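The values are calculated or read from the model by the stated rules, or taken from the named source; none is laboratory data. Bear in mind the structure is a predicted one, so any value in this text is a computation, not a measurement. Glycine also receives a Cβ, built like all others from the backbone with ideal geometry; neighbour counts cover every protein chain displayed. Each accessible area value is taken on the protein alone, full model and side chains, heavy atoms only, with ligands, DNA and RNA left out. Shrake-Rupley method; radii C 1.70, N 1.55, O 1.52, S 1.80 Å.
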Amino acid sequence: MESFKKFIPSRRIFGVFSNDLAIDLGTANTLIYVEKRGVILDEPSVVAVKAGTNHVLAAGRVAKEMLGKTPESIIACRPLRDGVIADFELAESMLRYFIRAVHNNKRFFRGPRMVIGVPSGITQVECRAVRDSAEQAGARPGDVYTITESLAAAIGAGLPVHDPCASMIIDIGGGTTEVAVISLKNIVFCKSIRVGGDEMDRAIVNYVKRKYNLLIGERTAENIKINIGSVMFDTRIESMAIKGRDLISGVPKTLNLTSAEVNEALLETIRSIVDVVRVALENTPPELAADLVDRGIVMAGGGSLLRGLDKLLSRETGLPVRIADEPLLCVVKGAGKVLKELDFFKEALMK
Ligand code: ADP
Ligand code: MG
């Protein structure tokens, strides 16, 4: 066997095609990262299939454009809706589609190894399914690892996770907000709620419906949130023209929404996020809590970009709070680091 191995060309000869993949299978976005090349895929976690089949017609940005606009013969959906895999088979098809997309359908000599960040709420069976679909998509059998997203996010944010010292990460994604306290490469305490960016979008939809009898889509609401959304700290008043369907006359209509109104719409969602951070702090063992006084809290995920949220959390907890560099990339960069030092992180991975 040893002598036979000599004739197997080294992985380097195969260049990019044998490169290992780090994947963030997020509820809103899926990202794929390759060492030395960086993020090679960054697409919404949306898939469009022919109705009644698992035949993928489109995935990512193209499929997101179709959301809420498809004829009956096509189903466009987000298979990982609320931080859990809402549709098992579609999630599998989507993951396979993305992995194949970055590999241009090439067949590999040995297949790449993969580390995949998954939501902490995922079950063992779902974890297995994620690994299986990665193997089906060409990963090296037995070499697919899954890691809890908050741990990956902490590693990606550059926190010293291997120290016997607490780090706290708040990851606000589309479907969930996860708060984790990490020490010695392990999660000491983790709390996840099914409230995140999507819930903010829904809150805006409901607010506009209640106040103006105007029905807007969730994608319009997301645009509003990203453009003029903020928490009460931000005193700048901006406004934005929004379009929807008037519920009384039934015709399309445009109106102006101000940032103060968006602010009001988001109050409840933001309250839930503040509360979950409080609960996590209350459950942190005292020695570790003491570390947090100096080190503070780091935020990751797209939701952390909501204007003023870091300041609000800092005021509510009395701790320093900062947003990680490139918060949307933390999980995938963390998974990439784990892949590079697989032996060092092995015990932190989920089996
Ligand atoms: P996931 O890990 O669940 O895939 P992400 O970390 O990719 O989620 O974050 C996606 C969420 O972040 C979406 O709900 C999106 O609307 C929100 N988001 C992205 N940019 C901003 C921004 N500038 N302000 C507020 N929310 C944002
Ligand atoms: Mg995420």
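Of the residues V39, V47, only one is within 13 Å of D87 (Cβ to Cβ) and touching a Leu at 6+ places or on another chain (Cβ under 8 Å); which? I'd like the intermediate steps shown before the answer.
Values: V39 fails: within 13 Å of D87 (Cβ to Cβ).
Going through V39, V47 in turn, the sole match is V47.
Would region 328-347 turn up any residue that is within 29 Å of E218 (Cα to Cα) and in contact with a Lys or Arg (Cβ under 8 Å, 6 or more places away or on another chain)? Let's see the steps before the verdict.
At the first step, the residues of region 328-347 found to be within 29 Å of E218 (Cα to Cα) are 328-333.
Within this subset, residues satisfying the condition of being in contact with a Lys or Arg (Cβ under 8 Å, 6 or more places away or on another chain) are none.
No, every residue in region 328-347 fails to be within 29 Å of E218 (Cα to Cα) and in contact with a Lys or Arg (Cβ under 8 Å, 6 or more places away or on another chain).
So, restricting to helices (runs of 4 or more DSSP H) that lie completely within region 140-253, which ones have at least 1 residues that are under 28 Å from R113 (Cα atoms), within 12 Å of ligand 1 (Cβ to nearest atom) and modelled with pLDDT of 95 or more? Steps first, please.
Details: elements: 149-156, 197-212, 218-228.
Filter on region 140-253 gives 149-156.
Rundown of residues vs (1) over 20 Å from Y97 (Cβ atoms); (2) within 15 Å of ligand 2 (Cβ to nearest atom); (3) without any contact (Cβ under 8 Å) to a residue 40 or more places away in the chain; (4) not aliphatic (A, V, I, L, M), yes/no style:
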{"site": "D163", "(1), (2), (3), (4)": "yes, no, yes, yes"}
{"site": "M168", "(1), (2), (3), (4)": "yes, no, no, no"}
{"site": "G174", "(1), (2), (3), (4)": "no, yes, no, yes"}
{"site": "N186", "(1), (2), (3), (4)": "yes, no, no, yes"}
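For residues that are within 19 Å of the chain's Cα centre (by Cα) and among the aliphatic types (A, V, I, L, M), tally how many sit in region 263-273.
Of all residues in region 263-273, those within 19 Å of the chain's Cα centre (by Cα) come to 269-270, 272-273.
Still in the list and also among the aliphatic types (A, V, I, L, M): 270, 273.
Adding up the residues that qualify gives 2.
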Only one of E261, E316 is among the acidic types (D, E), open to solvent by less than 30 Å² (accessible area, probe 1.4 Å) and away from ligand 2 (no atom under 16 Å from the Cβ). Can you tell me which? E261
Can G334 be described as modelled with pLDDT of 95 or more, more than 19 Å from L184 (Cα to Cα) and within 16 Å of ligand 1 (Cβ to nearest atom)? no
Condition (residue is within 14 Å of ligand 1 (Cβ to nearest atom), among the aliphatic types (A, V, I, L, M) and in a helix (DSSP H, G or I)) applied to region 292-311: is it met by at least one residue? yes
Taking M299 as the residue in question, decide whether it is touching a residue at least 12 places away in the same chain (Cβ under 8 Å) and more than 30 Å from V231 (Cα to Cα). no
Pairs please, first residue from region 59-78 and over 15 Å from S45 (Cβ atoms), second anywhere and open to solvent by 70 Å² or more (accessible area, probe 1.4 Å), Cβ atoms under 7 Å, 6+ apart in sequence or on different chains. S73/K50; I74/K50; I74/L57
Residue, nearest to G197 (Cα to Cα), within region 319-351, restricted to residues that are within 16 Å of ligand 2 (Cβ to nearest atom) and among the acidic types (D, E): E326
Suppose we keep only residues that are at pLDDT 85 or above and within 16 Å of ligand 1 (Cβ to nearest atom) within region 102-122. Which one would you say is surrounded by the fewest Cβ atoms within 10 Å (Cβ to Cβ)? V118
Of the conditions (1) without any contact (Cβ under 8 Å) to a residue 12 or more places away in the chain; (2) in contact with a strand residue (DSSP E or B) (Cβ under 7 Å, 6 or more places away or on another chain), S249 fails just one. Which one is it? (2)
Can you find even one residue in region 148-158 that is surrounded by fewer than 23 Cβ atoms within 10 Å (Cβ to Cβ) and either touching a residue at least 24 places away in the same chain (Cβ under 8 Å) or in contact with a strand residue (DSSP E or B) (Cβ under 7 Å, 6 or more places away or on another chain) (or both)? yes
Output yes when any residue across region 281-296 is surrounded by 19 or more Cβ atoms within 10 Å (Cβ to Cβ), under 22 Å from the mean Cα position of the chain (by Cα) and at pLDDT 95 or above, and no when none is. no
Condition (residue is within 16 Å of ligand 2 (Cβ to nearest atom), assigned to a loop (DSSP other than H, G, I, E, B) and either over 27 Å from V338 (Cα atoms) or polar (S, T, N, Q) (or both)) applied to region 47-68: is it met by at least one residue? no
Residues that are of a type outside the set (V, I, T) and in contact with a helix residue (DSSP H, G or I) (Cβ under 6 Å, 6 or more places away or on another chain), drawn from region 256-292: S259, A265, L266
Filtered residues of region 315-331 (kept if within 12 Å of ligand 1 (Cβ to nearest atom) and among the hydrophobic types (A, V, I, L, M, F, W, C)): I323, A324, L328, L329, C330, V331
